[in-house]
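Structure first, commentary second.
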Amino acid sequence: MEIVSTYSIKIKGYNDVFKPTVHLYRQAVDWYIEVALKEWNDVAAIAGSKARMNYVQRITTSTKDHPLPKYNFTTAFYKFPVYLRRAAIMEAIGKVSSYKENCANRNTGSQGKPPGMPKAGNVYPAFYKDNMFVRAGTYEAKVKVWIRNTWDWLTVRLKKSDADYILHHCTTATECVPTLQKRGKEWFLDF
């Protein structure tokens, strides 16, 4: 059995700077939920989450090989970071998959209200290392956020006691990518 634990590091000195990033991420998840609902028969036929993500990415993103995708994500979300887009796709596929499974369970005789249409809800973005998150020191990190009408790197200070705890007690554990979280009025990076 694999034991996974999460530890949060409080981000010091920022309250409202992350709101636009989270808002854009949630809009992207909602956008991809609509696409996944429309294309669910094709998506469901694909085995494996990475292959599903690649399929949805192929029909929504213009590339050199596919200049005219069926749905154009780039016109709705200009310069949206690739890793954040992939996280939004995976989140949307998971929500639509759960919704379709709940609908199928309801059709097999279960009672109660029908499941509601999937929405992004209170999802938060994951900051993938080197592309969205870089450690700038023991008590500092750089995160890519939507600020000043562009995606830019922001250096944030991390709470010393939280960073020291991870440094001293979690040295043997594998550190996963952090997820931005808001609790009350404070922001955290959950590792």
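For region 71-152, give the magnitude of the charge dipole about the Cα centre (Cβ charges: +1 Lys/Arg, -1 Asp/Glu; no others), in debye to the nearest 20.
100 debye
Considering only DSSP beta bridges where both residues belong to region 64-164, give the percentage that are antiparallel (nearest 5).
Percentage antiparallel, nearest 5: 90.
Over what distance in Å are the Cα centres of region 71-143 and region 28-52 separated?
Region 71-143 and region 28-52 have Cα centres separated by 11 Å.
Along the charge dipole of region 1-123, which of Leu68, Tyr14, Val123 sits closest to the positive end, that is, farthest toward it, with unit charges on the beta carbon of Lys, Arg, Asp and Glu (+1, +1, -1, -1)?
Farthest towards the positive end: Tyr14.
Give a residue-ordered list of calculated ³J(HN,Hα) values for region 15-28 (Karplus: 6.51 cos²θ - 1.76 cosθ + 1.60, θ = phi - 60°; whole Hz; x for Gly, Pro).
10, 9, 5, 8, 4, x, 5, 5, 4, 5, 4, 5, 5, 5
Per 0.36 nm of contour for each residue apart, how much would the distance between Arg183 and Leu167 grow if the chain were fully extended, relative to their Cα-Cα spacing?
3.5 nm
When only Cα pairs under 8 Å and 6 or more residues apart are kept, what is the percent relative contact order across the chain?
So the answer I get is 32 percent.
Whenever you get a sec, compute what percent of the accessible area on region 1-47 sits on carbon and sulfur atoms (1.4 Å probe).
Summing carbon and sulfur atoms, their accessible area is 49 percent of the total for region 1-47.
Treating the beta-carbon of each Lys and Arg as +1 and of each Asp and Glu as -1, no other charges, what is the dipole magnitude of the chain about its Cα centre, to the nearest 20 debye?
400 debye
On average, how much accessible surface per residue is there in region 27-93, in Å², for a 1.4 Å probe, leaving out ligands, DNA and RNA?
55 Å²
Calculate the FRET efficiency for Arg157 and Gln27 from the Cβ-Cβ distance with a Förster distance of 25 Å, rounded to the nearest 0.05.
So the FRET efficiency works out to roughly 0.30.
Provide the net charge surrounding Thr63, with neighbours chosen by a C-beta distance below 15 Å and charges set as Lys +1, Arg +1, Asp -1, Glu -1.
Combined, the nearby Lys, Arg, Asp and Glu give +4.
Would you please give the residues with an amide H less than 5 Å from that of Arg135, counting only those at least 5 places away or on a separate chain, with H modeled from the backbone geometry?
Those qualifying (amide H under 5 Å, at least 5 residues apart or on another chain) are Lys142.
Hey, what do the phi angles of region 177-185 turn into as Karplus ³J(HN,Hα) couplings, whole Hz, using 6.51/-1.76/1.60 and θ = phi - 60°, x for Gly and Pro?
5, x, 10, 6, 9, 10, 10, x, 9
The values are calculated or read from the model by the stated rules, or taken from the named source; none is laboratory data. Not measured: the values here are computed from a predicted model. With ideal geometry, Cβ positions are generated from the backbone for all residues, glycine too; neighbour counts draw on all protein chains shown. Areas reflect the complete protein model, heavy atoms only, side chains present, ligands, DNA and RNA absent. Shrake-Rupley method; radii C 1.70, N 1.55, O 1.52, S 1.80 Å.
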